[in-house]
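One structure is given here, and the rest of the page talks about it.
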Amino acid sequence: MIKILVVDDEADVQPLFQQRFRKELRAHELEFDFALSGEEALEFMKKEHSEIVLILSDINMPGMSGIELLSKIRHDYHEPEPVVMMITAYGDDENRRQAIENGANDFLTKPLDFNVLKEKLKHLLE
């Protein structure tokens, strides 16, 4: 099972993921946890980091940005090191560059294309 932490300040993201991954959730292939801020994500990571395989993080959030969160995760969590995919607005090249410099593994563009995300998850399962 892949345990995924989704970090996004928009609360409507949670039901969207649960709806789009209903089949995978029922089959116990994936498990999602949600944090509404970078700070909340770090609190969650303190308790559960060894189980988290993938972090999907929005970049633009109030308080701690996704880039700052990524930097802290790369600094503090090594064994095992989670895969981190950043969610960017279309054409947001500066944030994308900063995310690469801070160790992002991959990118998704808003609005999320869940078919693209499912393809990327399949590669993680292999």
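Could you calculate, for the stretch 23-73, the ratio of the Cα radius of gyration to the Kirkwood radius, expressed as Rg to Rh?
1.01
Which residues' amide hydrogens lie under 5 Å from the amide hydrogen of Lys110, considering only partners 5 or more residues apart or on another chain, with H built in the peptide plane?
It is Thr88, Ala89, Tyr90, by chain and number.
Cross-link candidates for Lys110: which lysines have Cα within less than 21 Å, leaving aside residues fewer than 8 places away along the same chain?
Lys118, Lys120, Lys122
Which net charge results when you count Lys and Arg as +1 and Asp and Glu as -1 among the other residues whose beta-carbon is under 13 Å from that of Ser50?
-2
Could you work out Rg/(2.2 N^0.38 Å) for the stretch 1-54, with Rg from alpha carbons only?
1.12
Short version: ³J(HN,Hα) in whole Hz for each residue of the stretch 29-35, in order, from phi by Karplus 6.51 cos²θ - 1.76 cosθ + 1.60 (θ = phi - 60°), x for Gly and Pro, what are they?
With the stated coefficients, the stretch 29-35 comes to 7, 10, 9, 10, 10, 10, 10 Hz.
Rounded to whole Å and ordered largest first, report the semi-axes of the equivalent ellipsoid of the chain derived from its Cα gyration tensor (root of 5λ).
Three semi-axes, in Å: 20, 17, 14.
Values in this text are rule-based calculations from the coordinates and carry no lab data. Here the structure is a predicted model, which means the values were calculated and not measured. Note that we place each Cβ from the backbone using ideal geometry, even for glycine, and neighbour counts take in every protein chain shown.
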